[in-house]
Every structure is written in C-alpha cells, then in structure tokens.
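The values are calculated or read from the model by the stated rules, or taken from the named source; none is laboratory data. This is a predicted model, so every value here is computed, not measured. Neighbour counts are summed over all protein chains in view; Cβ atoms, including those assigned to glycine, are modelled from backbone coordinates with ideal geometry. Areas reflect the complete protein model, heavy atoms only, side chains present, ligands, DNA and RNA absent. Shrake-Rupley method; radii C 1.70, N 1.55, O 1.52, S 1.80 Å.
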Amino acid sequence: MPFFVMFFLLIPLLLQGAEPDFYVWQRERDSAVKKAVRQYYATCSGKLYFLAGEMENDGKTVSFKPERYVDFSRSVPVVRIHIRHMRKSPRQLAGELAGLYQPWKRAGAFQIDLDAPESKIPYYQQLMKELRNRLPGVQLSATVLPCHLRHTKEFRKLAKACDFYVLQVHALSNDGTRWFILDKEIAFQALARAKALKLPFKTALPFYCNTVRGGVHVEPDMNIVGALAKESPEVIGFRLGVSDDEESLDLETALKVCRGEKYSPSIELARQDLPNGMRHYYIINKGYFPKTVTLDCDWKKAVSYLDLGTFNGAGFSHDRRKLTLRLPPSGNMKPFFWIRSKESENIQSITIQHRGNQCKKSVIFSARLP
C-alpha cells in the first residue's frame, strides 16, 4: 500500500474572536462549493452571503435559487445590480428585487450590491426605502464604495435606510500606472470615515487574486488586509475559497487573517512511497495565492538516480538545482516531481527554498527524508 510521509505539517490553532462572514460568489454551485459551505458552517458561527441574482448591463437578470445545503439562519442572499438598471424608478427596481428575494425569504435578510455612481447616492437611498416598504421585517443591507463616504450628508441618509452597510474597500483597478486590488490609503481613509459616522457597518476584505492583460498577476497585500481586519468592527471576506479555486485563499488562511493572526504562508513537502523504488513528491500550498515560483533545491547527498522527472507542468533546471512550478490552489497539494532509486538507497536530505517577498525567511520548507 502506498503511504505518505509528511514534513513540518503544522495544524495551526485558530484564534478566538468575532466571527467573520464570507461571500459565496460562485455561479456554479458544484460539489466543491457544497463542501466549502459545509466546512464553513462546521468551522465558524458567522454567516455566508450568497450571490442570489445578477441584473446585468445587457438587461438580463440571472437568479440562483438556494441549494439544499443552505442554512437559512446563517445565510443572506445578495443581488448585484449593474448601472443600466438605474434607468428604472426606485419603486420599479425594488419590485423586481422583492421578486428575486422570494426563494430566499426564509433567510430574513437581504443585501443589495448596486454599482451606484457618487451622483446617484440619493437614488440608492430611495431604492432601499422602497425595498423596506415591500419587505417589512427583513434585515436590509447595502454595499457601498469608499468614494460614497465623501458625501457625508447624502451617505448618512443612505446608511440610515439600511440596517447596516458593507464598505467594499477592494476592486480590481488600474490608476494608469499599476493594477491593484487594494489601495492602503484609500481603504484606511474610508474606514476612518465609516467609523466616524457611528452607524452599523461591516468591511468587505479581499481574499482573491487576478490575472490581467499580459499575464500580470495581481494580488492584495495580505498584511494590509490583516491590519484593516483589526480596525474593523466586523468583516466579510470576499470570497469563500473552494478546493479548485485558482484565485482565492483557503478558509483556514482567510480566517487567521480575519481573526488577527499574522499572515504567514508556507510551502511544505510530502512524499509518497510506491513499489520498485518510486517516490512521488508533493508540494503543499499553505496560504499563498497560486502563481509560478522557482524553488532552490539543495541535494545534501548525491543520489544515483535510476530516473527522475516532473508532473503538472513543473520543470527542473539542467543541474537539478532549481524547480519551477505553478503552486496548487491555496490549501491544496499536488505532485510535482518523482524519483526512482534503488530500493536500498537512503536519500539523506533535501532542502528546498523559496525566496519570496511575502516571507522574511528564505527557507520556506526543509525536509529530511528518511
């Protein structure tokens, strides 16, 4: 029977504190999403905010009914509305939104995610008032942008029309010089303004990355995300990671950041022993956004390989001192290289290093192989 040997695989203890909520934004609610949702319910006491519908700019509306695994007592439907629909009167739009809410009415809560320009804050306020009239007793919330808080008088009226608002400090953006998901100055200024209003709110924080034109990898600085989490009364993570998600962090890592622990990702190693001297080596990604990395390999003892090769697009340099690969999704592992050696051969040690700007130590993992 094949077996795994795990090296330096630490299971961190989660800090106790205010439980963060998360958005479930996947349109395809497959088995991976189901598993992630159930894991969240079992791990946390917070709520999940499900994408329940999207009113798109082409005029179409897509709705998503709740799956059987949804716990309505800990779930909130969210409808995203693109700007074109603001041509409708607030009353007409509120009527359409009330219809989208019906399959989710057991949740007793509803969130509106409207792409409202700054000049349309009064429209947003009126929409929430109309929705309140149509859905009495339902907890209503609305997402807002940092720029909205610059208009104190109008924004206060919008905030008071809701039970609470969600300050969204993240978005894939380009200021003409760079791509970014989170701007530190903008985020902290908005958070300070929100706290000064002394009205209920949550802060939506990014736990995702993106790849833009030219293959440029864009990700938020997770140390800034952690600092914002500490300063926020309550947070909602965007978004809940699933096992095959190439663009988001795993739940364990996201929870640690939300709960005040330092962001300290690592890469670890596992070995699978197979018959006839075959050994498969797995890379475990514990908290990094998936991206291409080059690892330095220091073979402590010469190995008279019968054979050596790679999996999943990885590649060794000609001297086998460097291994280039794309990390598996956060919280997952994949096999990336294999060695076939003599049954009696004892590979004493291999140290693999990753020098990245997210970690002060150059050695991310070091494995002694028996």
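Collect the residues in region 232-262 that are acidic (Asp, Glu) and at pLDDT 90 or above, keeping them in residue-number order.
Within region 232-262, the first condition is being acidic (Asp, Glu), and the residues that meet it are 234, 244-247, 250, 252, 261.
Those that are acidic (Asp, Glu) and at pLDDT 90 or above: Glu234, Asp245, Glu246, Glu247, Asp250, Glu252, Glu261.
In region 75-83, is there at least one residue being of a type outside the set (Ser, Thr, Tyr), open to solvent by 10 Å² or more (accessible area, probe 1.4 Å) and farther than 20 Å from Phe201 by Cβ? First the steps, then the outcome.
Looking only at region 75-83, we keep the residues that are of a type outside the set (Ser, Thr, Tyr), and these are 76-83.
Cutting the leftovers down to open to solvent by 10 Å² or more (accessible area, probe 1.4 Å) gives us 80, 82-83.
Those left that are additionally farther than 20 Å from Phe201 by Cβ: 82-83.
Yes.
Could you go through region 111-123 and let me know if any residue there is in contact with a Cys (Cβ under 8 Å, 6 or more places away or on another chain) and over 30 Å from Tyr40 (Cβ atoms). Don't jump to the end; show me each part of the working.
Narrowing region 111-123 to residues in contact with a Cys (Cβ under 8 Å, 6 or more places away or on another chain): 118.
Then drop every residue that is not over 30 Å from Tyr40 (Cβ atoms), which leaves 118.
Among the residues of region 111-123, at least one is in contact with a Cys (Cβ under 8 Å, 6 or more places away or on another chain) and over 30 Å from Tyr40 (Cβ atoms), which makes the answer yes.
If I go through region 17-76 residue by residue, how many of them are closer than 19 Å to Leu100 by Cα and of a type in the set (Lys, Arg)?
Residues of region 17-76 that are closer than 19 Å to Leu100 by Cα, as a first pass: 23-29, 48-68, 70-76.
Remaining after also requiring of a type in the set (Lys, Arg): 27, 29, 60, 65, 68, 74.
Selection size over region 17-76: 6.
Could you tell me which of the residues Pro275, Pro290, Pro265 is more than 24 Å from Asn332 (Cβ to Cβ) and at pLDDT 85 or above?
Working: Pro290 fails: more than 24 Å from Asn332 (Cβ to Cβ); Pro265 fails: more than 24 Å from Asn332 (Cβ to Cβ).
Being more than 24 Å from Asn332 (Cβ to Cβ) and at pLDDT 85 or above holds for just one of Pro275, Pro290, Pro265, which is Pro275.
Can you tell me how many residues in region 213-234 are outside any helix (DSSP H, G or I), open to solvent by less than 20 Å² (accessible area, probe 1.4 Å) and more than 25 Å from Lys157 (Cβ to Cβ)? Explain how you work it out, then say what you get.
Step one: of region 213-234, the residues outside any helix (DSSP H, G or I) are 216-221, 232-234.
So of that shortlist, the ones also open to solvent by less than 20 Å² (accessible area, probe 1.4 Å) come out as 218, 220, 232.
Next, from what is left, pick out any that are more than 25 Å from Lys157 (Cβ to Cβ): 218, 220.
Of the residues in that region, 2 qualify.
What single numbered condition from (1) in a loop (DSSP other than H, G, I, E, B); (2) open to solvent by less than 50 Å² (accessible area, probe 1.4 Å) fails to hold for Lys256?
Answer for Lys256: the failing condition is (1).
Suppose we keep only residues that are within 20 Å of Pro265 (Cβ to Cβ), assigned to a loop (DSSP other than H, G, I, E, B) and open to solvent by 70 Å² or more (accessible area, probe 1.4 Å) within region 321-358. Which one would you say is modelled with the lowest pLDDT?
The selected residue is Asn357.
Would region 53-66 turn up any residue that is outside any helix (DSSP H, G or I), open to solvent by less than 10 Å² (accessible area, probe 1.4 Å) and in contact (Cβ under 8 Å) with a residue 24 or more places away in the chain?
Step one: of region 53-66, the residues outside any helix (DSSP H, G or I) are 53-66.
Subsequent filtering for residues that are open to solvent by less than 10 Å² (accessible area, probe 1.4 Å) retains 53, 55.
Next, from what is left, pick out any that are in contact (Cβ under 8 Å) with a residue 24 or more places away in the chain: 53, 55.
Yes: one or more hits.
Taking region 272-287 as the search range and keeping residues that are out of contact with any Ser or Thr (no Cβ under 6 Å at 6 or more places or on another chain) and open to solvent by less than 10 Å² (accessible area, probe 1.4 Å), which one is farthest from Glu231 (Cα to Cα)? I'd like the intermediate steps shown before the answer.
Going residue by residue through region 272-287, those that are out of contact with any Ser or Thr (no Cβ under 6 Å at 6 or more places or on another chain) are 272-276, 278-284.
Keeping just the survivors that are open to solvent by less than 10 Å² (accessible area, probe 1.4 Å) gives 281, 283.
Details: Tyr281: 41, Ile283: 34 Å.
Across region 272-287, the extreme among qualifying residues is Tyr281.
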